[in-house]
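So the structure is just underneath, and the comments pick up after that.
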Amino acid sequence: MTGHMIYEFLDPWMIWAFRFGDNPYVGFAIGLLWICVVTTVIGELCMAAVYFTNKKHFASINREMVDHHNLSVRALGAKNKIAWKACNSIANDAFGKNFFSRIALFASSLWVVPFAIGWLYYRFGEVDFMVPLIGAVGPSFVFIPVYILTRYLFSVAKPWLPLFSTIRQRVLDNEAGDEMMTYMDLAKEKEERQTETPIPENS
Amino acid sequence: MLRSKKTLLMLALVAAVCVMAEPAMADRLADAIAEAKPTGEPGYLGIPGGPQLNILIGLVWAIWVGWIFSTVGAFGGIMAGVGHITIYGLGDYASSFGKGSQMNKVVTDSIRVSNQWLVGCSAALSSFNYYKAGRLVLPLGIALAIGSVAGSWLVPWLTAGKINLKAYLGYFGLFVLFLGCYLTYETTPKGQAGKKAAKEAAAAFQSSVKKQQEGGDVDLAEMGVKVQKFTPTSCEFTFFGVEFNFNPLIPVVGGFIIAALASFLGVGGGFLLVPFLTSVAGLPMYLVAGTSAMAVFIGMCNSIMSYMLLKQTPVAWGLIGAELIGIVIGSVIGPKTSKFIPDKVLKYIFIALAVYVGVRYTSKGFLGYSLVPPF
């Protein structure tokens, strides 16, 4: 199976939106938006499916990272440099694992994008999109920024979108537990303790 | 109108991508085709007679790459590179045009950028998330970014269109060998001792926290970072009353070297940056993680932009898409299977792999033949 065969398969699903209306510019804008929305929705659904397939794994690596980080913050608060370095280095290892797992997870929302760009080249590769100062650009010059904007707007709208708001809540529930401490939390903890057990004036 | 920093960041990102997204890139490839005059059915990048890349093979190889991502962490970018060079036969195809030909160099650059697209695009999301969480240390990020931008711009500028496949293979192999040596060191008693000591110290502190609720005696006057001394070569500061010091030139130089290396080899570089910042500058993971993700993102944008915009390097999008699907499948399988393989065994597998790939590519690149089979 070659890329060309995939683009031929995608063609009827993609091209109809570009033929909307008589004005080619309007048609291109509608088509581009259609592709961006489809790639975003498919990507987000795939990411959710991958996450829930391995939800225990994601929760556990996240837990390990947060726990050791919080311990390192407490070690710093206790001015214990050895414990700080130890906890920080373990948290760093856990972060590495978490980071690369999340990269792979993120890839599940992105795999649609190269196919979309590839199809745009298959269809519009011969068209020169002229941009002042830069000159002729390829279709990805217009696709990538519109995709990022669509993805951003989608993430803002997520809490109100049916299905996606549920997915978001379930991810939050899966990773519920101690929050990652900031250094300001140390001060807050101290203040709370002082409020709970006030020091007697005569002590 | 611009009410939040998030919106500003978003606009900056879109602007950066507008500059990054490649222009019509036919010129360089067309020139190379005109010079080499290949014949046959259009194949890779539409080159007449180019390899007909089977996307299913790309998918299967990428499953392996994804498995590595989710079990080992680093090494994914390296394996993606091995896939492009060896599994799809792009290495042999580039070599077939001879050392000095344009086609050899175009395909070599295409391999480098394809690797970077695979590994690098995720740094964008990480940076965005860390920025939202307030976990970016801007001065450090800027120091790193200066180094990263310089490194990831200079390398494509100096080497794009100049590096033939054999030279690239040689350096790629050397880097993998170095990684193999580092992994081997980590399994030695000396390498293990450091980790064991860290685990013991962490466990001891954890139990003392449980007993005494340690960690709450914070002197509010000493909160945060307080710089004691700052010269071009020395920065001494206290962080919550604990003394730290590092050389400010180190993030700049380190950022430069790591970005240049990542750009040259076509890998991400994040796996080098985080340990570099925590061990050299002694900074907390909480802050280093986001800052290094930003540096990787800036370096990556810059490197991809330089290869594609300035040097008109083409990539095969369908192949990258198939590889991303494979990475996803591999990363789903990874956590489910890795629990049956002890960490130590996993490490030995990767040492063997790194040594094999390293020796093969180094010898092929610098000697012209492979010291290990297939010769």
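Annotation: peptides A:170-177, B:348-355, B:364-371, B:253-260, ranked by per-residue average of other Cβ atoms within 10 Å with the highest first, follow the order B:253-260, B:348-355, B:364-371, A:170-177.
Rounded to the nearest 20 debye, the dipole size of chain A about its Cα centre is 340 debye, using +1 on the Cβ of Lys and Arg and -1 on the Cβ of Asp and Glu. Over chain A, DSSP H runs of length four or greater, each weighted -39,500 (n - 2.57), average out per residue to a 222 nm ellipticity of -26000 deg cm²/dmol.
Extension gain for B:Lys195-B:Val372 works out to 60.4 nm (0.36 nm per residue, less the C-alpha to C-alpha distance).
Just the Cα atoms of region A:3-188, one point each, no solvent: what log10 I(q)/I(0) does Debye give at q = 0.17, 0.19, 0.20 Å⁻¹? Computed log10 I(q)/I(0) values: -1.09, -1.24, -1.32. For A:Lys79, no residue has an amide H sitting under 5 Å from its own, ignoring neighbours fewer than 5 places away on the same chain, with H placed 1.01 Å from N.
Per residue, how much accessible area does region A:3-102 have with a 1.4 Å probe, in Å²?
Computed with neighbouring chains in place, this is 46 Å² per residue.
For region B:345-358, backbone phi angles converted through the Karplus equation (6.51, -1.76, 1.60; θ = phi - 60°) give residue-by-residue couplings of 4, 4, 5, 5, 4, 6, 5, 4, 5, 5, 5, 4, 4, x Hz, Gly and Pro being listed as x.
Taken residue by residue and averaged, Cβ atoms of other chains lying within 10 Å of the Cβ of B:195-202 number 6.
Relative to the Cα centre, what is the charge dipole magnitude of region A:31-92, using +1 at the beta carbon of each Lys and Arg, -1 at the beta carbon of each Asp and Glu, and rounding to the nearest 20 debye? Approximately 420 debye in magnitude. The modelled label-to-label distance for the pair A:Trp16/A:Ser165, using points 7 Å beyond Cα in the direction of Cβ, is 3.0 nm. Here's the picture: charge each Lys and Arg Cβ at +1 and each Asp and Glu Cβ at -1 in region A:3-188, and of A:Gly31, A:Ala91, A:Ala78 the one pushed furthest to the positive end of that dipole is A:Ala78.
Label positions at A:Glu8 and B:Lys162, each projected 7 Å from the Cα along the C-beta direction, are separated by 4.3 nm.
Reported to two decimal places, what Rg/Rh ratio describes region A:47-133 when computed on Cα atoms with Rh from the Kirkwood expression?
When Rh is taken as the Kirkwood radius, the ratio is 1.32.
Around the amide H of A:Phe129, modelled in the peptide plane, lie the amide H atoms of A:Val137, all under 5 Å away and 5 or more residues distant in sequence or on another chain.
When only alpha carbons are used to place a centre, region A:90-119 and region B:173-202 end up 26 Å from one another. Extension gain, B:Thr184-B:Thr231: 0.36 nm per intervening residue step, less the Cα-Cα distance, totals 13.1 nm. Phi angles across region B:299-308 convert, under the Karplus curve 6.51 cos²θ - 1.76 cosθ + 1.60 with θ = phi - 60°, into 3J(HN,Hα) values of x, 5, 4, 5, 5, 4, 4, 5, 5, 8 Hz, Gly and Pro given as x. On a 30 Å Cα-Cα criterion, which of the cross-link pairs A:Lys56/A:Lys158; A:Lys55/B:Lys199; B:Lys37/B:Lys166; A:Lys79/B:Lys344; A:Lys97/B:Lys364 come out too long? In this structure, A:Lys79/B:Lys344; A:Lys97/B:Lys364 lie more than 30 Å apart at Cα.
Within 10 Å of each Cβ in A:141-153, how many Cβ atoms from other chains are there, averaged over the peptide?
Mean number of neighbouring Cβ atoms from other chains: 4.
Taking θ as phi - 60° and the Karplus parameters 6.51, -1.76 and 1.60, the scalar couplings of region B:32-39 work out to 5, 5, 4, 6, 7, 6, x, 10 Hz in sequence order, x denoting glycine and proline.
The values are calculated or read from the model by the stated rules, or taken from the named source; none is laboratory data. What you see is a predicted model, and the numbers here were worked out from it, not measured in a lab. No Cβ is skipped: glycine too gets one built from the backbone with ideal geometry, and neighbour counts run over all protein chains shown. Heads up: the accessible areas ignore ligands, DNA and RNA and are worked out on the full protein's heavy atoms, side chains in. Shrake-Rupley method; radii C 1.70, N 1.55, O 1.52, S 1.80 Å.
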